[in-house]
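The values are calculated or read from the model by the stated rules, or taken from the named source; none is laboratory data. Computed from a prediction, not measured in an experiment: that's the story for all the values here. Counting neighbours? That spans all protein chains shown, and the Cβs are built from the backbone with ideal geometry, glycine included. For the accessible areas, the whole protein counts, side chains as well, though only heavy atoms, and no ligand, DNA or RNA atoms are used. Shrake-Rupley method; radii C 1.70, N 1.55, O 1.52, S 1.80 Å.
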Amino acid sequence: MTTDHTLAASGLSAGYGDRSVIEGLDLELVPARITAIIGANACGKSTLLRVLSRLLAPTSGQVLLDGTRIHRLPAKQVARTLGLLPQSPIAPEGITVAELVSRGRHPHQGLVARWSAADDEAVAEALDATGTAALAERPVDELSGGQRQRVWIAMALAQRTDLLLLDEPTTFLDVNHQVEVLDLLTDLNARRGTTIVMVLHDLNLAARYADHLVLMEHGRIHGAGAPGEVFTAEAVRTVFGLENRVIRDPVSGSPMMLPIGRHHGVAED
Amino acid sequence: MSAQPSSATPPSTLERVRTERRRRRVRRTVTVLVLVVLIAAGFYASLAIGHRVYSAGEIWRVVRGQQVPGASFTVGTLRLPRAVLAVLVGCCFGLGGVTFQTMLRNPLASPDIIGISAGASAAAVVAIVLLGLSGPAVSVIAILAGLAVALAIYLLSYRKGVAGTRLILVGIGVAAMLDSVTSYVLSRAAQWDLQEAMRWLTGSLNGAAWGDVRPVLVALLVGGPLLLAASRDLTVSQLGDDSAAALGVRVQRLRLVVVIAAVGLVAFATAATGPIAFVAFLAGPIAARIVGPGASLLVPSALVGALLVVVSDLVGQWAIGTRFPVGVVTGVLGAPYLIYLVVRTQRSGGSL
């Protein structure tokens, strides 16, 4: 399985109405790797993801998918290469898991083309990969938060894109489900070489699971690279305005940040 | 991602996915067939039943164009256009209604609740009574008014995006204002009788003629295929704008095409029969209950709409001592459901 699709932004600016959120941003995503975007609230993480997935048009600059401006490509063609799981997708009332996951096949179907055996296979595989096969006939609105998030990821998997963008896939999940979702994405990356780009809130999980970290600050990129290089106490202080210590995560060896705050931080090393 | 061997998938999941999908398809096909049979039965009853009941043989000869004393006029000129119009406007209201409900993800957001039918109706009344127009001109004015109302509601409820509830409340207010315009204009037209007034307030098939059928048929032949072509995109758009866009749906363009087609259908139907109460509102949710969740509801809703109008007209005409216009019967059916829905939405904020 080769994933040589590239996604890059150059001189990218974007915003809503008069309000500019991202300004002159350059970014090249590493193919076949897991990239996590972190940064303070309202720093433009989600906006960046929306522009990268052509949900939002840039005010200047461009997003290039395999070297072509993404906003000029046919929508369905893009959707066969690049998938996005938005922050709060809506499950229609009463829809079953299998039916919802089947919606992921939409970009592969023409105006008249019927549902094919390949579609069934993609759906079944996505259900198996996310451990949701046992839930296939259940209505989505009866599921727990963690199960539901896995079902949404299954839908994105059924889309079979080489690039998958996720906007805070672990928000509102208990910590065990957060880890479950991130493990699942790691499996996906390892098995299929899918390029994964996700916005994450939890810095330590981001540093642990990502091959590549992008730190954002006020619509710009403060630093990008391997967690061991860019995830430093200095960087966290600049980006989040938080006094902190970064130590080595005893479990994974990745950097791990400990916030200090006003009431602690006098303990000895 | 095409070279994934199928052997990686345990057959059980694949089998279950297939079975589940086939089950849904069978249920959908059976539903559509049953609805078609029921509509055909209602259609036949509409032709046969009346002050004089005609036999199947007589009706068949009239439909084939032969002269049958008595039946040619009663069935051919009075009952046949009425029954055909009932089916057509039912389809139009059903399609228009479910399109709005799906697009706005709210069962209350149907054109007859949020004032689009009321706008088309008020415009038609103004065109006929005050401007002295008739025929296609009335339809054109009705559709323009329908689109104008849709735009007005959208703009009035816009505040950093359009929230469903605000749009619906604004729409209900606009509908009430437009209904009063209709009442006012009708009250000034002294030569009009109660039947005619009822037509523009609740909808009626009285006096239906072939001249009324043609524009509705054309609207359905243009708008129907447009909506059906957008049907899968519309289904995907239920997942939210971002998800739909991520799946390759051009959300803005879809919305534009679909609103124009749906308003067109509702406006043409309204210009012919008046805003038959609650048909657009009821058809989608009823179809959703019988087809099951997830499937495209366009065709089933069109059929449910047609069935509602045909059966309600039969009931209004012959089941009760007095003859009521069809809109009174559908109104009686729809009002309790509206109350139920408002109460339930208050509790859970549900969708279609």
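Data table
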item: Matching residues in the stretch B:9-52 - criterion: being away from chain A (no Cβ under 14 Å), hydroxyl-bearing (Ser, Thr, Tyr), open to solvent by less than 80 Å² (accessible area, probe 1.4 Å) and farther than 24 Å from B:Ala295 by Cα; result: B:Ser46
item: So A:Val78, is it open to solvent by less than 30 Å² (accessible area, probe 1.4 Å), assigned to a helix (DSSP H, G or I), more than 20 Å from A:Asn189 (Cα to Cα) and β-branched (Val, Ile, Thr); result: no
item: Matching residues in the stretch B:145-167 - criterion: being over 18 Å from the mean Cα position of the chain (by Cα) and of a type in the set (A, V, I, L, M); result: B:Ala148, B:Leu151, B:Ala152, B:Ile153, B:Leu155, B:Leu156, B:Val162, B:Ala163, B:Leu167
item: Residue within the stretch A:34-42 that is open to solvent by 30 Å² or more (accessible area, probe 1.4 Å) and farther than 20 Å from A:Thr171 by Cβ present; result: no
item: Only one of A:Arg103, A:Arg54 that is charged (D, E, K, R), within 7 Å of chain B (Cβ to nearest Cβ) and closer than 16 Å to B:Ser243 by Cα; result: A:Arg103
item: Cross-chain or 6+ apart pairs with Cβ under 6 Å, the stretch B:22-36 first and closer than 22 Å to A:Asp119 by Cβ, then modelled with pLDDT under 90; result: B:Arg27/B:Gly292; B:Arg28/B:Val291; B:Arg28/B:Ala295
item: Among (1) assigned to a helix (DSSP H, G or I); (2) more than 8 Å from every other protein chain (Cβ to nearest Cβ), the one test that A:Glu121 misses; result: (2)
item: Residues of the stretch A:73-87 that turn out to be within 25 Å of A:Leu182 (Cβ to Cβ) and more than 7 Å from chain B (Cβ to nearest Cβ), as a count; result: 4
item: Options B:Val329, B:Val299, B:Val257; residue that is in contact (Cβ under 8 Å) with a residue 60 or more places away in the chain and of a type in the set (Val, Ile, Thr); result: B:Val299
item: Any hit, the stretch A:24-42, residues being modelled with pLDDT under 90, out of contact with any Asp or Glu (no Cβ under 7 Å at 6 or more places or on another chain) and in a helix (DSSP H, G or I); result: no
item: Identity of the residue in the stretch B:268-297, part of a helix (DSSP H, G or I) and surrounded by fewer than 24 Cβ atoms within 10 Å (Cβ to Cβ), that ends up farthest from the other protein chains (Cβ to nearest Cβ); result: B:Ile286
item: Any chance A:Ala14 is surrounded by 21 or more Cβ atoms within 10 Å (Cβ to Cβ) and over 25 Å from A:Arg150 (Cβ atoms); result: yes
item: Selection from the stretch A:124-141 of residues that are open to solvent by less than 10 Å² (accessible area, probe 1.4 Å) and at the interface with another protein chain (Cβ under 7 Å from one of its Cβ atoms); result: A:Ala124, A:Leu127, A:Ala136
item: The listed residue being closer than 30 Å to A:Pro74 by Cβ, among the aliphatic types (A, V, I, L, M) and either in contact with a Cys (Cβ under 8 Å, 6 or more places away or on another chain) or open to solvent by less than 30 Å² (accessible area, probe 1.4 Å) (or both), out of B:Val263, B:Val310; result: B:Val263
item: Condition check for B:Ser312: within 11 Å of the chain's Cα centre (by Cα) and assigned to a helix (DSSP H, G or I); result: no
item: Residue match in the stretch A:178-194 (condition: more than 22 Å from A:Leu100 (Cβ to Cβ) and of a type in the set (A, V, I, L, M)); result: yes
item: B:Ser55 being crowded, with 23+ Cβ neighbours inside 10 Å, of a type outside the set (A, V, I, L, M) and more than 14 Å from chain A (Cβ to nearest Cβ); result: no
item: Of all residues in the stretch A:16-41 being touching a strand residue (DSSP E or B) at 6+ places or on another chain (Cβ under 8 Å) and at positive phi, the one that is farthest from the other protein chains (Cβ to nearest Cβ); result: A:Gly24
item: Helices (runs of 4 or more DSSP H) completely within the stretch B:193-248 that count 1 or more residues being of a type in the set (Phe, Trp, Tyr), in contact (Cβ under 8 Å) with a residue 60 or more places away in the chain and over 30 Å from A:Ser53 (Cα atoms); result: B:194-201, B:210-229
item: Checklist (1) touching a Ser or Thr at 6+ places or on another chain (Cβ under 7 Å); (2) open to solvent by less than 40 Å² (accessible area, probe 1.4 Å); (3) at positive phi applied to B:Arg105, failing item; result: (2)
item: Test: residue in the stretch A:165-173 that is touching a residue at least 12 places away in the same chain (Cβ under 8 Å), buried (at least 17 other Cβ atoms within 10 Å of the Cβ) and over 15 Å from A:Leu85 (Cβ atoms); result: no
item: Test for A:Arg160: is it in a loop (DSSP other than H, G, I, E, B), within 23 Å of B:Val251 (Cβ to Cβ) and facing chain B (nearest Cβ under 10 Å); result: yes
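Here is a yes/no grid of residues against (1) buried (at least 19 other Cβ atoms within 10 Å of the Cβ); (2) among the charged types (D, E, K, R):
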{"residue": "A:Leu213", "(1), (2)": "yes, no"}
{"residue": "A:His218", "(1), (2)": "no, no"}
{"residue": "A:Gly228", "(1), (2)": "no, no"}
{"residue": "A:Thr232", "(1), (2)": "no, no"}
{"residue": "A:Val236", "(1), (2)": "yes, no"}
{"residue": "A:Val239", "(1), (2)": "yes, no"}
{"residue": "A:Asp249", "(1), (2)": "no, yes"}
{"residue": "A:Met256", "(1), (2)": "yes, no"}
